[in-house]
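Note sheet for the following structure.
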Amino acid sequence: MEQIILTGDRPTGRLHVGHYVGSLKRRVELQNSGKYDKIFIMIADAQALTDNAEHPEKVRQNIIEVALDYLACGLDPVKSTMFIQSQIPELCELSFYYMNLVTVARLQRNPTVKSEIQMRNFEASIPVGFFTYPISQASDITAFKATAVPVGEDQAPMLEQTKEIVRKFNAVYGDTLVEPEMLLPDNKACLRLPGIDGKAKMSKSLGNCIYLGEDADEVKKKVMSMFTDPNHLRVEDPGQVEDNPVFIYLDAFSRPEHFERHFPDYQNIQEMKAHYTRGGLGDMKVKKFLNNVLQDELEPIRNRRRELEKDIPAIYDILKEGSMRAREAAARTLDDVRRAMKINYFEDMDLISEQAKKYARSCG
Ligand code: TRP
């Protein structure tokens, strides 16, 4: 079977380091592993509109930001097809059929949608499009016959929903769709990177993100203002590394070569944590080290982004080309789907002759 990746992001803002460790970095590794026959990376503008119907400009403006971040991180348009969701009308068609295979009760149980509804204070006025976006996400994945979906942990309920739709569709209409597998980062700290304020999630509205491509000074300022263990008041005090954002970031980003280069007192993160836990290692030193680590990781991304920013029309060309290729792939799946559902009436010569025979009999 062909190995196919599909994944994507909503273009509601620039991508941040949480996106990077949670999924982007993995995508680039998978892309370069040579193990995949096709890779589709989607900018999910239509999904972004499900809770931004009144702010289409925000979505429109952020498409280029996401595309620049993708390319700056190392996604390569030769190896990965980058495209814009709304340019693939086949996805809407597929969703329309899938809607008949999913109950309202099932959608109401989706934990990600539940918490998003709370976050957006939607309780009494949930847009139907927003409520049904897990179905549309199932279309995104299955339209490309994706076998692997590298995403952050919060997307697990969407993958579950997708698998259910695939099983149901195949049971009702015959084997047509492919069940995808979710690929999570192996490193636990990368699953959900907290904001610099220690809140559970990085989010633009909370103002607690470090963006990819952000200036070095700005990154440093943010790292220096990060939350740590609130009870670690003096350097000699024993500190706590669990739930301490600075250490979660170090777990996500630091490698032994960073210690060699910037903090040779320790060989690795375990030694550093042990010192912090017993007391005697100040937050200032830890933050300085984290800043150095982040700068090492972000500098090449930032530099590539600055280069890419010099030719914006070329970026739109990449997306246009990708959207054309993606549309062809989705159209092939839709042909299979219509055939399986037997709604391909005009190609269905058996149906036409069967109906003709029926009427020949009744007339005769
Ligand atoms: N829901 C994803 C997000 O919020 C974006 C997305 C849309 C997606 N369709 C997808 C991710 C299909 C993976 C596969 O970022």
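The values are calculated or read from the model by the stated rules, or taken from the named source; none is laboratory data. Quantities reported herein were computed from a predicted structural model and do not represent experimental measurements. Using ideal geometry, Cβ is built from the backbone for each residue, glycine included, and neighbour counts are taken over all protein chains shown.
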Q | Pair list, Cβ under 7 Å, 6 or more apart: region 237-257 residue in contact (Cβ under 8 Å) with a residue 12 or more places away in the chain and buried (at least 17 other Cβ atoms within 10 Å of the Cβ), other residue among the aromatic types (Phe, Trp, Tyr) and in a helix (DSSP H, G or I) | A | 239/276; 241/247; 241/276
Q. Residue 124: more than 13 Å from the chain's Cα centre (by Cα) and small (Gly, Ala, Ser), yes or no?
A. yes
**Q.** Qualifying residue in region 83-93 (condition: more than 12 Å from the ligand (Cβ to nearest atom), of a type outside the set (A, V, I, L, M, F, W, C), outside any helix (DSSP H, G or I) and surrounded by fewer than 14 Cβ atoms within 10 Å (Cβ to Cβ))
**A.** yes
**Q.** The lone exception for residue 60 - which of (1) of a type in the set (Lys, Arg); (2) in contact (Cβ under 8 Å) with a residue 24 or more places away in the chain; (3) closer than 29 Å to residue 201 by Cβ it fails
**A.** (2)
Q.
With the structure loaded, tell me whether residue 64 is within 16 Å of the ligand (Cβ to nearest atom) and either closer than 28 Å to residue 294 by Cα or surrounded by 21 or more Cβ atoms within 10 Å (Cβ to Cβ) (or both) or whether it fails that test.
A. no
Q. Can you find even one residue in region 112-135 that is buried (at least 23 other Cβ atoms within 10 Å of the Cβ), more than 10 Å from the ligand (Cβ to nearest atom), in contact (Cβ under 8 Å) with a residue 60 or more places away in the chain and assigned to a helix (DSSP H, G or I)?
A. no
Q | Unmet requirement for residue 231, which otherwise passes all of (1) under 24 Å from the mean Cα position of the chain (by Cα); (2) assigned by the TED database to the domain that holds residue 277 | A | (1)
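I'd like the residue in region 1-52 that is of a type in the set (Ser, Thr, Tyr) and away from the ligand (no atom under 11 Å from the Cβ) and, out of all such residues, is surrounded by the fewest Cβ atoms within 10 Å (Cβ to Cβ). Lay out the reasoning, then the answer.
At the first step, the residues of region 1-52 found to be of a type in the set (Ser, Thr, Tyr) are 7, 12, 20, 23, 33, 36, 50.
From what's left, away from the ligand (no atom under 11 Å from the Cβ): 20, 33, 36.
Numbers: 20: 24, 33: 9, 36: 18.
Among those that are of a type in the set (Ser, Thr, Tyr) and away from the ligand (no atom under 11 Å from the Cβ), it is 33.
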(Q) Whether any residue in region 307-322 is within 20 Å of residue 166 (Cβ to Cβ), in a helix (DSSP H, G or I) and of a type outside the set (S, T, N, Q) is what I want to check. (A) no
Q) Looking only at region 123-151, which residues are over 25 Å from residue 2 (Cβ atoms) and of a type in the set (Gly, Ala, Ser)? A) 124, 125, 129
Q) Give me the pairs: first residue in region 35-50 and β-branched (Val, Ile, Thr), second residue part of a loop (DSSP other than H, G, I, E, B), beta-carbon distance under 7 Å, and six or more apart or on different chains, which are they? A) 39/79; 39/80; 41/75; 41/80; 43/11; 50/127
Q: Determine which member of the set 303, 292 is outside the structural domain of residue 69 (by the TED database), surrounded by 13 or more Cβ atoms within 10 Å (Cβ to Cβ) and not aliphatic (A, V, I, L, M).
A: 292
**Q.** residue 284 part of a helix (DSSP H, G or I) and outside the structural domain of residue 80 (by the TED database)
**A.** yes
Q) Take the residues of region 258-287 that are without any contact (Cβ under 8 Å) to a residue 12 or more places away in the chain and polar (S, T, N, Q): which is nearest to residue 20 (Cα to Cα)? A) 270
